[in-house]
Amino acid sequence: MTAGTTAPGRARINARTLRTDRWWVQPAVTVLVLVAFIIYATVRAFANGDYYAAPYISPFYSPCLAANCVPGSSEVHLLGSWWALSPALLILVFPLGFRLTCYYYRKAYYRGFWASPPACAVAEPHGKYTGERRFPLVLNNLHRYFFYIGLVFNVILTYDAVIAFRDADGNWGHMGMGTLVLLANAALLWLYSLSCHSCRHAMGGRLTHFSKHPVRYKAWTLVSRLNTRHMLFAWLSLFGVALADLYVALVASGALLDVKFF
Amino acid sequence: MGYKARFRVWRGDDADGDLHDYTVEVNEGEVVLDVIHRLQATQAPDLAVRWNCKAGKCGSCSAEINGRPRLLCMTRMSTFTEAEIVTVTPMRTFPVIRDLVTDVSYNYQKAREVPAFRPPEDLAPGEYRMQQIDVQRSQEFRKCIECFLCQNTCHVVRDHEDNKTNFSGPRFLMRIAELDMHPLDTHDNRAQEAKEDHGLGFCNITKCCTEVCPEHIKITDNALIPLKERVADRSYDPLMRLFRKPKK
Amino acid sequence: MTELERHAYDVVVIGAGGAGLRAAIEARQQGLRTAVVCKSLFGKAHTVMAEGGIAAAMGNVNSHDSWQVHFRDTMRGGKFLNNWRMAELHAKEAPDRVWELETYGALFDRTADGRISQRNFGGHEYPRLAHVGDRTGLELIRSLQQKIVSLQQEDHAETGDHESRLKVFAECTVTELLRDGDKVSGAFAYWRETGRFVLFEAPAVVLATGGIGKSFKVTSNSWEYTGDGHALALRTGASLINMEFVQFHPTGMVWPPSVKGILVTESVRGDGGVLRNSEGRRFMFDYIPEVFKDKYADNEAEADRWYTDPDNNRRPPELLPRDEVARAINSEVKAGRNSPHGGVFLDVSSRLPAEEIVRRLPSMHHQFKELADVDITKEPMEVGPTCHYVMGGVEVEPDTAASSVPGLFACGEVAGGMHGSNRLGGNSLSDLLVFGRRAGAGAAEYVRSLGDKRPVISESDVDGAAARAVDPFAEGGTGQQENPYTVHTQLQQTMNDLVGIIRRGGEVEQALTALEELKQRARNVVVEGHRQFNPGWHLAIDLRNMLLVSECVAKAALLRTESRGGHTREDHPRMDPDWRRQLLVCRAEGDGVSVTAKDQIPLREDLMALFEYSELQKYFTTGELAELPAKES
């Protein structure tokens, strides 16, 4: 165990922290919510059912790439019939990777799950700390690749929201609560992706002379503005995805009837 | 208006020390530093505290109040209830000298290890031309008053003394970001140095530096993460390597 | 023999503000081994408090600006009492000093074509202040600090030691300068951290210790401003001039008590803020002096039109020079028309939309919100005059910053003459750079001229200095034991009440009696504890300096029977051209000081020619004017 705040020379104070506020609330809430999401997502990912209620497809299962996808849920089947597991498992690794390497979620799970640190000026329980310099945490530097892939997913889920304006028979001119749910989900995902730190860097953050790249500067400025709310979008889009899936599941299982506007 | 507040102040030196209880008068509108000064003038004339401007501009009176890294001069007594015990300790990441005064030489040492601004050789003084939008990012970082609260709160060194050798801390990683974004700096591989010489990889962006910054500089979002992205450009992104042009 | 740490340097700079750091950079660049000794940490100097900017006639915003115009503004601001050679050098060299900062890495706000932006300020004819938002002082200190680090990196590359040629001794207080015959031979100091003594053997010492504000109760100055350099110079045999001129900034915070004195920037009034008394009256209209009647509006309607149409309207009287506004506020308070906490109201909330206030005055908005819990977009501020700057200081050779003691140099606020009787905003930061560099160069030149014949330190002087430093720990003595905090508080009260913004002969005499008594009491100051970081002891040592310097201020204030710039005598309200030719010189005598008058050096002819005859008439005696070459009026 390496010496922390009790290292020789430092003021002799043994308390782990002298904070008097409820500093543990925030990491505790983070853990609770994320664990709840993980449980829900795992159950739903393995469920391999109730993910398509025409014309709505759950974001957990889109794009549905295996031959065992329920009819109507997708047109492209990259994988043959040998794939016997839930088709969600084929794709979820990408959004999962995007969120795992996200600069905001990193803070959330380092604090919440790893207590490194649990809160500011509260000693962490670990004897050694090497940060993100070694495997596996050094992989967090690949965030930008997940961001690019995430954009592809955003396009697909936006497409899903657009085709939700067709009715179950494929005729345009439909709109139900499910359409709204999928639209909201797609919008939140866009906000989450576009407010991403890697996006901000790609737009213009890597430049030294903004004045020579007026368009990229403009883009950087917009993304920077979104970026200040990245945490908010991270949570909203997480809830959005779960709720969209839940809605589709409830409709598909017949527990709920989709409200139809026109 | 005035009331008697209960204060608990850490007194001691590098060998030993303890929290001492005081009951001291507090008047309307005062900050914690005023109360510390009153203790000096009335009960503890040799209570050591470092301070200068008393207006949040010099960054001298850094300490921890109820466990939170703060400037003594910018913490108003009205943020506490009259019944609350106010605990004041020195910064816990640096060696203590006496009472509330710590040895912050770690920071000056790290400052020396960051290669200085390297001016362009082809421009004479007076010939520098820079656009406002090109300097404003670095200007944000130059608001830093060097109170070292970010260095103090950063768990990388706060909780791990042995990391001090290899980690320069948020203040000086931000300094590297400032120079890397400076439109006329000609030093070429600052991002790489941030990774290799200053331990940028230790940072796990848990944002405590940003939380404690009295100047409200967005250290993590505007300096550390962009620096990490610049490191990724060079070290972790094979595509960028293919496309990269030499700087400037 | 006293046990102590010894260091030998070519140049020792005392003070690590703008002037001290610039002097150290110069001395080191000229190849001399240089030490900087400062009371605080490196980079914490009072220079960080400067908000407005650095005045330099670069002409980036208005190309009509030139050193001549800057020189004229400076002389006018100082009511022609300035040392004209200093004002000339300052105006000529300021632009180079600012541009030099950019090579150190400074990032000023820019104009549209990429140059350094410049802003308007009181007393400056053209937009002239290079700035970074409202934190220009911080930028200046940081740039100089980083330049020093860069020089240390060069030394490290060459010698393997960062500190081989330039070292900063932070949190170290110099208590005495040592001499060999009449020449400076070194400095005696103690580490604040341990209380241990340090001896610097050095043939040249540059004083850059700043001002004296901590002798006053209400001040914008930090604890460091205890007149150390002024007192060291006096005790070493140098003279001070212009000590009666102390600038009171009209708008300091008055509430809460903890922040009393902290500055409220002039820009608040420049952007439309108005001053009102408890009756709600804009009282500044009642205080426009005769000489300014043609430049300032006498009614609210015209004053309000000025903000949008400055060419066809006269300025609002809130924008009168600092001394005028400070006196007016003082009179209102004395007449009982004060705000609840003894100031007047400065209101911008009824003048501008809230978002405009936040945009234009971000740090003021923040300052009042954080420190006073006042939202300046919704309610008025309470303000009153605060001691801000001392124009007086060590009498120096303008070109080399050398004092009358060989080997002793002074620059920045501790040097006198440059600003005459009143300093213009923005001229302080440029003063630091111009004369900091000159002092470093002057010291280097002097050290080279000495060759091998360096002055030596006498051990008995060292023993004496050590004994005097620990004196406050010794109990005994005849009188009652005194607490340094109590004596300091009474000194501040005395100076504030009796030698403050408005002075009367009788009150200044009372102050001198009180100072004499405080001096006696200061001898009986006893401090508790040990020498390790002991604030009581530090104060006891600084107190001696404050008392000595306060005596200079009071004695000079009593002698100067006129009102000019930062010196207002209620019993002698007129500015007297005869007094313009006189400098009051303060020297150490016995355990106190003596003040004598001395003739001012006449203004050089070509510089005189920069002014209109009609303007000179306001300041010069008929005799002086008669000697001028005939000019049309």
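The values are calculated or read from the model by the stated rules, or taken from the named source; none is laboratory data. Just so we're clear, the structure is a prediction, and the values are computed from it rather than from any experiment. Don't worry about glycine lacking a Cβ; one is built from the backbone with ideal geometry, like all the others, and counts go over all protein chains shown.
Tabulated results
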quantity: Number of the exception - C:ASN62 against (1) in contact with a Phe, Trp or Tyr (Cβ under 7 Å, 6 or more places away or on another chain); (2) within 14 Å of chain B (Cβ to nearest Cβ); calculated: (2)
quantity: Residue in the range C:21-43 that is nearest to the chain's Cα centre (by Cα), counting only those that are over 22 Å from B:TYR106 (Cβ atoms) and charged (D, E, K, R); calculated: C:ARG22
quantity: Lone unmet requirement of (1) of a type outside the set (S, T, N, Q); (2) without any contact (Cβ under 8 Å) to a residue 12 or more places away in the chain; (3) within 11 Å of another protein chain (Cβ to nearest Cβ) for A:VAL25; calculated: (3)
quantity: One residue from B:PHE172, B:PHE167 being touching a residue at least 12 places away in the same chain (Cβ under 8 Å) and part of a loop (DSSP other than H, G, I, E, B); calculated: B:PHE167
quantity: Enumeration of residues in the range C:548-582 that are among the polar types (S, T, N, Q) and within 16 Å of C:LEU81 (Cβ to Cβ); calculated: C:THR561, C:SER563, C:THR568, C:GLN582
quantity: Qualifying residues in the range A:133-157 (those that are modelled with pLDDT under 95 and charged (D, E, K, R)) - the one surrounded by the fewest Cβ atoms within 10 Å (Cβ to Cβ); calculated: A:ARG134
quantity: Any hit, the range C:432-454, residues being at pLDDT 95 or above, closer than 19 Å to C:ALA57 by Cα and polar (S, T, N, Q); calculated: no
quantity: Any helices (runs of 4 or more DSSP H) falling wholly within the range C:8-112 and containing at least 2 residues that are surrounded by fewer than 22 Cβ atoms within 10 Å (Cβ to Cβ); calculated: C:67-77, C:84-104
quantity: Test: residue in the range A:98-110 that is in contact (Cβ under 8 Å) with a residue 60 or more places away in the chain, facing chain B (nearest Cβ under 9 Å) and of a type in the set (Phe, Trp, Tyr); calculated: yes
quantity: Spans of helices (runs of 4 or more DSSP H) in the range A:154-262 with at least 1 residues under 14 Å from A:PRO59 (Cβ atoms); calculated: A:177-194, A:230-252
quantity: Hits in the range C:191-216 (condition: away from chain B (no Cβ under 14 Å) and surrounded by fewer than 24 Cβ atoms within 10 Å (Cβ to Cβ)); calculated: C:PHE197, C:VAL198, C:LEU199, C:GLU201
quantity: Meets criteria (modelled with pLDDT of 95 or more, assigned to a strand (DSSP E or B), more than 9 Å from every other protein chain (Cβ to nearest Cβ) and crowded, with 22+ Cβ neighbours inside 10 Å) for B:VAL96; calculated: no
quantity: Counted residues, the range B:10-40 - those being modelled with pLDDT under 95, farther than 20 Å from C:HIS538 by Cβ and facing chain C (nearest Cβ under 10 Å); calculated: 5
quantity: The range C:23-42, residues that are farther than 18 Å from C:ASP155 by Cβ and more than 14 Å from every other protein chain (Cβ to nearest Cβ); calculated: C:VAL37
quantity: Boolean, B:ASP221 is in a helix (DSSP H, G or I), at the interface with chain A (Cβ under 10 Å from one of its Cβ atoms), within 16 Å of the chain's Cα centre (by Cα) and under 20 Å from A:THR101 (Cα atoms); calculated: yes
quantity: Test: residue in the range B:193-208 that is assigned to a helix (DSSP H, G or I) and farther than 26 Å from A:MET231 by Cβ; calculated: yes
quantity: Residues satisfying the stated conditions in the range A:171-181, i.e. surrounded by fewer than 15 Cβ atoms within 10 Å (Cβ to Cβ) and in contact (Cβ under 8 Å) with a residue 40 or more places away in the chain; calculated: A:GLY173
quantity: Test result for A:THR30, buried (at least 16 other Cβ atoms within 10 Å of the Cβ), modelled with pLDDT of 95 or more, within 16 Å of the chain's Cα centre (by Cα) and of a type in the set (Val, Ile, Thr); calculated: yes
quantity: Count of the range B:54-85 residues which are within 7 Å of another protein chain (Cβ to nearest Cβ), of a type in the set (A, V, I, L, M, F, W, C) and touching a Lys or Arg at 6+ places or on another chain (Cβ under 8 Å); calculated: 1
quantity: Test: residue in the range B:100-116 that is over 29 Å from A:LYS128 (Cβ atoms) and more than 8 Å from every other protein chain (Cβ to nearest Cβ); calculated: yes
quantity: Residue within the range C:353-369 that is surrounded by fewer than 21 Cβ atoms within 10 Å (Cβ to Cβ), in a loop (DSSP other than H, G, I, E, B) and modelled with pLDDT of 95 or more present; calculated: no
quantity: Among the candidates C:ALA297, C:ALA301, residue that is modelled with pLDDT of 90 or more and either of a type in the set (S, T, N, Q) or crowded, with 18+ Cβ neighbours inside 10 Å (or both); calculated: C:ALA297
